[in-house]
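The values are calculated or read from the model by the stated rules, or taken from the named source; none is laboratory data. Since the model is a prediction, treat every value here as computed from it, not as a measurement. Here the Cβ positions follow ideal geometry from the backbone for every residue, glycine too, while neighbour counts run over all protein chains shown. Just the protein is used for accessible areas: all its heavy atoms, side chains included, with ligands, DNA and RNA removed. Shrake-Rupley method; radii C 1.70, N 1.55, O 1.52, S 1.80 Å.
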Amino acid sequence: MCVKSLFSTQLKRRVDTKWREYLSISSEITPAWRCLYKPPIPKRSGDLHIYDLAFRPDGSQLIVAAGNRVLVYDTADGTLIQPLKGHKDTVYCVAYAKDGKRFASGSADKSIIIWTSKLEGILKYTHNDSIQCVAYNPVTHQLASCSSGDFGLWSPEQKSVSKHKVSSKITCCGWTNDGQYLALGMMNGVVSIRNKNGEEKVKIERPGGSSSPIWSIAWNPSKTGLMFFNESRGMCHTGLCVCFRDEHNDILAVADWGQRLSFYQLSGKQMGKDRQLNFDPCCVSFFSKGEYIVMGGSDKQASLYTKDGVRLGTIGEQSSWVWTCRVKPDSNYVVRHLSIVAKLNVIFTYYCIVLRIKCRELVKKIAIYRSRLAIQLPEKILIYELHSDDSSDMHYRVKEKICKRFECNLLVVCSQHIILCQEKRLQCLSFTAVREKEWLMESLIRYIKVIGGPSGREGLLVGLKNGAILKIFVDNPFAITLLKQNTSVRCLDMSTSRSKLAVVDEHNTCLVYDINTKELLFQEPNANSVAWNTQCEDMLCFSGSGYLNIKASNFPVHQQKLQGFVVGYNGSKIFCLHVYSMAAVEVPQSAPMYQYLERRMFQEAYQIACLGVTDNDWKDLATEALEGLDFHTAKKAFIRVRDLRYLELINSIEERKKRGESNNQLFLADVYAYQGKFHEAAKLYRKTENTEKISFYLSKNVFVMKDFLGSADPKDTKLLMKKQADWAKNSKEPRAAADMYLTAGEHMKAIEIIGEHGWMDMLIDLARKLDKAEREPLSRCAVFFKKFNHHGYAAEIYNKMGDLKALVQLHVDARHWDEAFSLVEKHSQFRDDVYVPYAQWLAEHDRFEEAQRAFHKAGRQAEAVRVLEQLTHNAVVESRFNDASYYYWMLSMQCLDIAREKKEEMLKKFHSFQHLAELYHVYHSVHRYMSEPFSSNMPEILFNISRFLFHNLTRDAPMGISKVDTLYALAKQSKLLGAYKVARHAFEKLQGLKIPSRYQDSMELSCLTVRSKPYRDSEDLIPMCYRCSTNNPLLNNQGNSCINCRQPFIYSASSYEVLPLVEFYLEDDISDEEAVSLIDLEVPRVQTNSSWQEMSKSQCLRMDDGTEDPEDDPFTAKLSFEQGGRAFVPVLVNRAVLRSMSRRDVLIKRWPRPLSWQYYRSLLPDVSITMCPSCFQMFHSEDYELLVLQHNCCPYCRRPIDEPS
């Protein structure tokens, strides 16, 4: 509840509130204060008060703040999708993010809940007071939440909400369109504009101060600024209005309880004057395009306003205050407080679109006639006239104002009068509001139109509901009946000669009458409006059922799709009104022109063509008229297309006609000859017995020579066909030329013509008919197929020719790699021709790992290694240490593959890269722990990883691996797990390194606190050697080996715990295959004697046949070694020991040559251990299975789980 004092002078003119009823205050008590309140929530179930609404950006859902729940509705049918429970008190506000992925709700329980689009709550945070409003940044996911004493800014990138105190209660908020600034409306009448960090940039102090609290604000979503006009003139002329468009400023609408609506720029400058509202506004909402505003409040209704604050009308009324109303995105739907979703068809027009005349009031009707324009407003009629006689100058000025309210159904304007239609009555008024004439009809007037006439004596065409059609002159009190039909009139129009009348009746039928004879000329169905062409007497158009119909004379109707009503037809332009937009559609008159041409009505076709047709239509008209010997029409048409050749022909024919020639067949033969129709020309010349013309064309045309002379000798047939083909080619008849070349056996010439014109069907037929020995034509066909991307046909030709190299190159050029690989499998000699371009193509498309494998398959080892080295370097530089580990492992395997040729050098690189791969694999977890706020690893795992890495780091750490991060991670986890001795040692090591400033304070504090702890390590963390059972210190000077027996520890590649594995070696005379076969036997252990033997070069523990004392087992016996000083003694086994082993207890790393296999025995068979068959890394089986399920591959070498071993 918010309470504020008001001046007594303001209280006198205000409507008393509902609190008098709620508090049972008598009328004798006058209020000295006023409550700005949200009415109490009714206690009845199902009658919850709605405080806020929000649409999903795509308009598919509506979020409603109702009681202590958030209701989600489907806007398609209004059904409730789901009520959301999460708040403990009344929900005051809701807001949807711009991308539609989440929305937020704020409640009186001081909490904000963020929900996903799947209606799941994902985050909740609180303020110190009840939440008043929330708003999402339209560009990012930053959320502004406002309470009574502060506001908060939160985004997913932040760990906490940044809150900022304010001096007054915040009532509303809103982001600018670019998301850079947030406007806050406050109870003290101040609008504070803040940046994204919460810093105040602009402060707008409204007149009235705390007596006029800001209750609602909204930014105009349109980029276009508002337009303000001079109040005294109400028109848009130079010097009388201010129109601006500022791309860098948004427009803020501010509504306060001083009952005013104002507009401000981002800079805080007010635009125009305050608009008085006469009610307390509670909500302001813009339409999606910013053209209209919806506002509601204490007047208990939702009202529509223009974008500059002019009231247009009421959308809906309520029985209580309207606290919120919202517009559905990109639509005309409006939702208001406590109402069903209702559609608002915005047909309000507050300016007349002729020149865009600003009327600043609701326009009820408009009428236009020649230079006059009449606009009916609620309380007056404005009469405009054109500013000049120039038809291109569309500037209007006010001629007269009739300041009187009129109720009428129809309005038309003439040069000196306006005509008002009310039911059956027509009134003729002068521009000074003097009623001069009145006509009373026998039926309701359905349609009225001005059909022209002298000034002051214009004629009107009137259609009645009873089917009567009348003509009325404004200076004549008597109406003239033109005709009477049985059905009601919907639309009328009269032809330009006043001889034909078109009527659309109530059955949507268009009827055309002869006015003089009253005869029905024709009728057409599916019409809702009709208009005659003002430039062509015999042409009209009508619309209906989503189609535009054009009818010329008595020809069939030509249709095309068009929505709306036809209101005018001038030349080739049809004016169509659809909803509230007027469009001028340019319609080519080709269809009616061809209808006239079919009947050889060339003059009429020419008249239609003059209305607007294409150049090709003009050429067709000219040609048809010329062949029809209408030389006058043909000449005008050829002039249009500027064809000088035919104009010379027509001029020559006209000259011959002047000299007395009159043989039309001879003229037509000349026309055919000009058109290249030599057969027809020759026939006509023969009929006219014009031997001179015949001999001339016979000498020019071999077709005529063959057809008419019949002199082609069989021996000269081929030569004749070549001449015919050459002539056809020169005459631009390529298809005929190609056929003739094929007949003459000139395959190459035919292929060139066919290929140049892209006739692929013809080319493939030819290629299939050619013999495989004709390699040159076939190759040329293949070239054209490649050019036009018909690679299948080209491959067919190369297969026919047996040219495998060309076929491989074709697949490579077309990037058909699968086909190329299948060829390489059958013909390995083309391996380099395929894999090298394939690798280069992969590298160009940033698929470097695949490119590396392709180089490797192609035998280009240097390129393969170079690609991998570059990938590795990039991964380290970009801190992608997991990728770096994988690339180093691939490099090591590449070196091992090459080691068969360069053994010593490559084996050295192999071991180096294997070591680096393991270091980067371990450091990946340390780096993530130090750089990310949360870690998925347990403290014990991080401790083991840090300790392993510390033991392996030499003086020069590999590039990208930080000793500081390693030691600090080790120190933090040691302190956490109770290994205080290790922690103190790590902090001492850190003192000798350069510490980043971000760690300095926390590191010094941790270093001090760890000194207060006992100088010892937790016994639970001490690692034990599984060979000699010696407990090893956490920090070992031997590194990752036992301090007693020097046995190297085998670590799990996931948790880096010591695995119960001991490596053993075979005697020299035992091969790997024999060892595996002996282990697979699983013979019970034979009693053996064990003794020390001195070898020539090293000390070995040899297991011989002798006793069956289990203590002599080299895997279980605890050996008495002194710590330090003594060399490592490997476990060497013979055949008997191998036979005694269980296959389940032995793990074998089967390295490829030249490396030897490695053998490990598990001393704790109950501990399940899994080894990757590709990288040979060891894991606890449970850890390995979990990681494989997460990544679908080995976490170390990325081997897919479905790949065979």
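With respect to Ala583, is the statement that it is part of a helix (DSSP H, G or I), over 30 Å from Leu684 (Cα atoms) and out of contact with any Phe, Trp or Tyr (no Cβ under 7 Å at 6 or more places or on another chain) true? First the steps, then the outcome.
Details: part of a helix (DSSP H, G or I): no; over 30 Å from Leu684 (Cα atoms): yes; out of contact with any Phe, Trp or Tyr (no Cβ under 7 Å at 6 or more places or on another chain): yes.
No; evaluated as a whole, the condition is false for this residue.
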Matching residues, the stretch 918-952, being touching a residue at least 60 places away in the same chain (Cβ under 8 Å), in contact with a helix residue (DSSP H, G or I) (Cβ under 6 Å, 6 or more places away or on another chain) and of a type in the set (Val, Ile, Thr)
Val922, Ile945
Taking Ser652, is it more than 29 Å from Asp538 (Cβ to Cβ) and either open to solvent by 70 Å² or more (accessible area, probe 1.4 Å) or modelled with pLDDT under 85 (or both)?
no
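I want to confirm something. Restricting to the stretch 465-508 and keeping residues that are at positive phi and open to solvent by 50 Å² or more (accessible area, probe 1.4 Å), which single residue is farthest from the chain's Cα centre (by Cα)?
Out of the qualifying residues, it is Arg498.
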Could you check the stretch 1140-1204 for strands (runs of 3 or more DSSP E) lying wholly inside it with 1 or more residues that are touching a Pro at 6+ places or on another chain (Cβ under 7 Å)?
1158-1162
Selection over the stretch 527-570 where residues are assigned to a strand (DSSP E or B) and β-branched (Val, Ile, Thr) yields a count of 4
Tell me, please, whether a residue that is touching a strand residue (DSSP E or B) at 6+ places or on another chain (Cβ under 9 Å) and more than 30 Å from Asn874 (Cβ to Cβ) can be found in the stretch 991-1009.
no
For the structure I just gave you, tell me whether Asp615 is closer than 14 Å to Gln675 by Cβ and either within 46 Å of the chain's Cα centre (by Cα) or open to solvent by less than 10 Å² (accessible area, probe 1.4 Å) (or both).
no
Looking at the stretch 302-321, I want the residues that are acidic (Asp, Glu) and have a partner that is in a strand (DSSP E or B) and at pLDDT below 85 with Cβ atoms under 7 Å, at least 6 apart or on another chain. Which pairs are those?
Asp308/Met227; Asp308/Phe228
What number of residues within the stretch 427-459 satisfy the criterion of being within 16 Å of Arg370 (Cα to Cα) and of a type in the set (Lys, Arg)?
2
Could you figure out which of (1) more than 21 Å from Cys1028 (Cβ to Cβ); (2) modelled with pLDDT of 85 or more; (3) open to solvent by less than 20 Å² (accessible area, probe 1.4 Å); (4) outside any loop (DSSP other than H, G, I, E, B) isn't true of Ser1077?
(3)
Members of the stretch 378-401 that are open to solvent by 60 Å² or more (accessible area, probe 1.4 Å), within 24 Å of Arg311 (Cα to Cα) and part of a loop (DSSP other than H, G, I, E, B):
Glu379
Can you confirm whether Ile375 is buried (at least 19 other Cβ atoms within 10 Å of the Cβ) and modelled with pLDDT of 85 or more?
yes
Please go through the stretch 452-465 and give me each residue that is in contact with a Lys or Arg (Cβ under 8 Å, 6 or more places away or on another chain) and part of a loop (DSSP other than H, G, I, E, B), ordered by number.
Lys465
Subset of the stretch 894-933, residues aliphatic (A, V, I, L, M) and either touching a Phe, Trp or Tyr at 6+ places or on another chain (Cβ under 8 Å) or part of a loop (DSSP other than H, G, I, E, B) (or both), comes to Leu896, Ala899, Leu916, Ala917, Val922, Met930
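For every residue, the table says whether it meets (1) farther than 23 Å from Glu1067 by Cβ; (2) among the small types (Gly, Ala, Ser); (3) touching a strand residue (DSSP E or B) at 6+ places or on another chain (Cβ under 6 Å); (4) without any contact (Cβ under 8 Å) to a residue 24 or more places away in the chain.
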{"site": "Arg1143", "(1), (2), (3), (4)": "no, no, no, no"}
{"site": "Ser1168", "(1), (2), (3), (4)": "yes, yes, no, yes"}
{"site": "His1180", "(1), (2), (3), (4)": "yes, no, no, no"}
{"site": "Val1188", "(1), (2), (3), (4)": "yes, no, no, yes"}
The correct count of residues that are open to solvent by 70 Å² or more (accessible area, probe 1.4 Å), outside any helix (DSSP H, G or I) and farther than 13 Å from Glu756 by Cα in the stretch 772-799 is 3
Result of the Cβ filter at 7 Å on the stretch 592-616, keeping first residues that are basic (Lys, Arg) and partners that are modelled with pLDDT under 85 and crowded, with 19+ Cβ neighbours inside 10 Å, at least 6 apart or interchain, is none
Within the stretch 757-767, residues in a helix (DSSP H, G or I) and in contact (Cβ under 8 Å) with a residue 12 or more places away in the chain come out as His757, Met760, Met762, Leu763, Ile764, Leu766, Ala767
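Considering each of Ser320, Ser303, Ser288, Ser331 in turn, give the residue that is open to solvent by less than 40 Å² (accessible area, probe 1.4 Å), touching a Ser or Thr at 6+ places or on another chain (Cβ under 8 Å) and not in a strand (DSSP E or B).
Matching residue, one of Ser320, Ser303, Ser288, Ser331: Ser331.
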Residue list for the stretch 419-432, filter: farther than 23 Å from Gly463 by Cβ and either touching a helix residue (DSSP H, G or I) at 6+ places or on another chain (Cβ under 7 Å) or open to solvent by 40 Å² or more (accessible area, probe 1.4 Å) (or both):
Thr432
For residues that are surrounded by fewer than 16 Cβ atoms within 10 Å (Cβ to Cβ) and within 20 Å of Ala66 (Cα to Cα), tally how many sit in the stretch 127-146.
1
Within the stretch 925-932, can one find any residue that is open to solvent by 10 Å² or more (accessible area, probe 1.4 Å) and in contact with a Ser or Thr (Cβ under 6 Å, 6 or more places away or on another chain)?
yes
Just wondering, is there one or more residues in the stretch 724-747 that are surrounded by 16 or more Cβ atoms within 10 Å (Cβ to Cβ) and modelled with pLDDT under 60?
no
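Residue-by-condition table, conditions (1) touching a strand residue (DSSP E or B) at 6+ places or on another chain (Cβ under 6 Å); (2) at pLDDT below 90:
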residue: Ser392; (1), (2): no, yes
residue: Tyr396; (1), (2): yes, yes
residue: Leu410; (1), (2): yes, no
residue: Val434; (1), (2): no, no
residue: Lys449; (1), (2): yes, no
residue: Gly452; (1), (2): no, yes
residue: Gly459; (1), (2): yes, no
residue: Gly463; (1), (2): yes, no
Given the structure, is Leu993 among the hydrophobic types (A, V, I, L, M, F, W, C) and in contact with a helix residue (DSSP H, G or I) (Cβ under 9 Å, 6 or more places away or on another chain)?
yes
